[in-house]
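Inspection log for the structure reproduced underneath, given as structure tokens.
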Amino acid sequence: MVCLAGATFRGRPVSLATRHGKERVLARPFRRGLDLTVVVASGFDTDLLGTFSGERPRPADALETCRRKAQAGMDHTGLDLGLASEGSFGAHPAFPWLTAGTEWLTFVDRRSGLVIAESLLAARTNFDHRVVSPDDDLQDWLRRVGFPSHGLIARPHRSDGGTAAADGPLIKGIGTPGQLAEALWRCAEASDDGQVRLETDMRAHCNPTRLASIRTLAFRLVRRIASPCPACGAPGWGLGEGLVGLPCAWCGQPTQRLRAEVWGCEVCGHREEKPRRDGRGAADPGDCPRCNP
Ligand SMILES: [Zn+2]
Ligand SMILES: [Zn+2]
């Protein structure tokens, strides 16, 4: 068992497995906060671990994919520190009529065996898709998804509802009106009903909103790596799962609202319960299953 107290990362290079320009937002927080130099694991195909656009299904959940990606980057560069990020997009967990993105960022130290991960729920995302004809007026939708500063992906629509791109073109990184017009025409021609499935390109280099979320997450992970566990001294002390059950202000019944934050250490299992940062001790009766069933 390696003693992790005082484990130090200062001055070491850390490999970053990315083909999507994430070093633009990750290099600075890691240098300023931890004196680590980010080295891009270039030429390494992170798509082997699955892609957003679904040509290759992801073999594992996002957190596990992220860890494997960091390790693959370390294998590639021969470094013993690794970093990788991963995102997933869909319905917001608390407000399913909204879309949200979850970003993960994982730091792996092969010397000590430490794995420190941090995640971020990004309420602001342009994640969306739409089935269109080349003649449709798309201006409102394009404005909403941030085109052309945010890229798009086009593929032929399939009337059976499938999205797999086994047949026909899959055009990614569409970033100009001219490219969009050409992609619409090519995909409509290849589709069985003349329609095109357009979706937001969520790869970081095509998506400034996502890149901004990854930057925020980088600061969070750096802070966590720099925080030692009060019990064992290992790096990575930080917020874990929240505890639900904030009592209703009227009847005192537990609700689904957060009651407390639990901070924890992955190494020794030490846990500390802290009150909500906003100081709220009671939930709105509107969130209560008894008062507002
Ligand atoms: Zn600990
Ligand atoms: Zn109540």
Subset of the stretch 80-137, residues surrounded by 17 or more Cβ atoms within 10 Å (Cβ to Cβ) and either on the phi > 0 side of the Ramachandran plot or assigned to a loop (DSSP other than H, G, I, E, B) (or both), comes to SER112, THR125, ASN126, PHE127, PRO134
Show the residue pairs meeting these rules: Cβ distance below 6 Å; 6+ apart or different chains; first residue within the stretch 210-239 and among the small types (Gly, Ala, Ser); second residue away from ligand 2 (no atom under 16 Å from the Cβ) and in a helix (DSSP H, G or I). ALA218/LEU26; ALA218/PRO29; GLY236/ARG224; GLY238/ARG224
In the set ALA212, ALA260, which member is out of contact with any helix residue (DSSP H, G or I) (no Cβ under 9 Å at 6 or more places or on another chain) and either away from ligand 1 (no atom under 16 Å from the Cβ) or at pLDDT 95 or above (or both)? ALA260
Enumerate the pairs (first residue in the stretch 263-290 and more than 29 Å from CYS251 (Cβ to Cβ) and small (Gly, Ala, Ser); second residue anywhere and at pLDDT 90 or above and more than 16 Å from ligand 2 (Cβ to nearest atom)) with beta-carbon separation below 9 Å, excluding pairs fewer than 6 apart on the same chain, so at least 6 apart or on different chains. GLY264/CYS229; GLY264/TRP237; GLY264/GLY238; GLY264/HIS270; GLY264/ARG271; GLY264/GLU272; GLY269/ALA231
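The values are calculated or read from the model by the stated rules, or taken from the named source; none is laboratory data. Worth saying up front: this structure is predicted, and the values here are computed from it rather than measured. Cβ: placed from backbone, ideal geometry, glycine included. Neighbour counts: every protein chain shown.
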